[in-house]
Amino acid sequence: MTYSELKTAVANYLNRSDLDSMMDTFIQQTEAVLNRKLRTKDMVKRATATADAQYLTLPTDWLEAINVEITANNFSPLMQMSIESLDVYRKKNNNSTGQPVYYALVDDTMELCPTPDGSYELQLTYFSKVSALSSSNTSNFVSTSYPDVYLYGCLRTASIYLMEDDRAAGFTNLFDKALEEMRLEQERAAFGKGSMIPRRRTYGRTQKQVVYWGNN
């Protein structure tokens, strides 16, 4: 389902022709829910960056880290810390410079510790935001493979906007069901006959376990 097809379908389901100015809002609010709730294989991206300062700007579509590693010379993975633990480590080591060993996420940046004493090539593996639908970006993996997720999400939001509580409740149930079925299908496709490899331990503030994919 494309961007224009989605807007047409929402209008048809609601039997309303006066909501065109709100369609982008319905779509954006649905995408906000997707970005909060989904962490699937089609959201995994890799990016490279050169780290030569204490702070590194994250990709604009960044949601959550999976793995960070120095790729030049000897392979060296970086471990995630909380901001507080990173500050304790930095103070304990007299704020020395060197090859980064740890990182913490601060706003839209990654803080590296120790502060790099040169330039280091990093590979960032992360969960990215669902690419937003628009007139210039007419489809994404959700709208192509799981169009009902977008449709029910937009109908849910539109019904809330129209203060139609009964319809909003019904579309919410359909949206949640479609979202869960999508998540399970993505999980099966991601792991297949392989095994889940737990993400390595993080330090500092307790964080939820995240898994990534690979065959043993």
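The values are calculated or read from the model by the stated rules, or taken from the named source; none is laboratory data. These figures come from a predicted structure and were not determined experimentally. Cβ: placed from backbone, ideal geometry, glycine included. Neighbour counts: every protein chain shown. We work out accessible area using only protein heavy atoms, side chains counted, and drop any ligands, DNA or RNA first. Shrake-Rupley method; radii C 1.70, N 1.55, O 1.52, S 1.80 Å.
Things to note:
- Of the strands (runs of 3 or more DSSP E) lying entirely inside the range 75-193, those carrying at least 2 residues that are among the polar types (S, T, N, Q) and touching a residue at least 24 places away in the same chain (Cβ under 8 Å) are 120-128.
- When Y13, Y55 are checked against the criterion of being of a type outside the set (D, E, K, R) and under 30 Å from Y146 (Cα atoms), Y13 stands alone in meeting it.
- Those strands (runs of 3 or more DSSP E) lying entirely in the range 1-71 with at least 2 residues open to solvent by 80 Å² or more (accessible area, probe 1.4 Å): 44-51, 55-57
- Any hit, the range 35-54, residues being of a type outside the set (V, I, T) and in contact with a Cys (Cβ under 7 Å, 6 or more places away or on another chain): no
- Scope the range 51-67; condition out of contact with any strand residue (DSSP E or B) (no Cβ under 6 Å at 6 or more places or on another chain) and either among the β-branched types (V, I, T) or at positive phi (or both); matching residues: T60
- Test: residue in the range 147-165 that is loosely packed, with under 15 Cβ neighbours inside 10 Å and under 22 Å from the mean Cα position of the chain (by Cα): no
- The residue list Q209, Q186 contains one member that is at pLDDT 50 or above and touching a Lys or Arg at 6+ places or on another chain (Cβ under 7 Å), which is Q186.
- If you go through the range 38-69 and pick out every residue that is over 9 Å from the mean Cα position of the chain (by Cα) and charged (D, E, K, R), you end up with 6.
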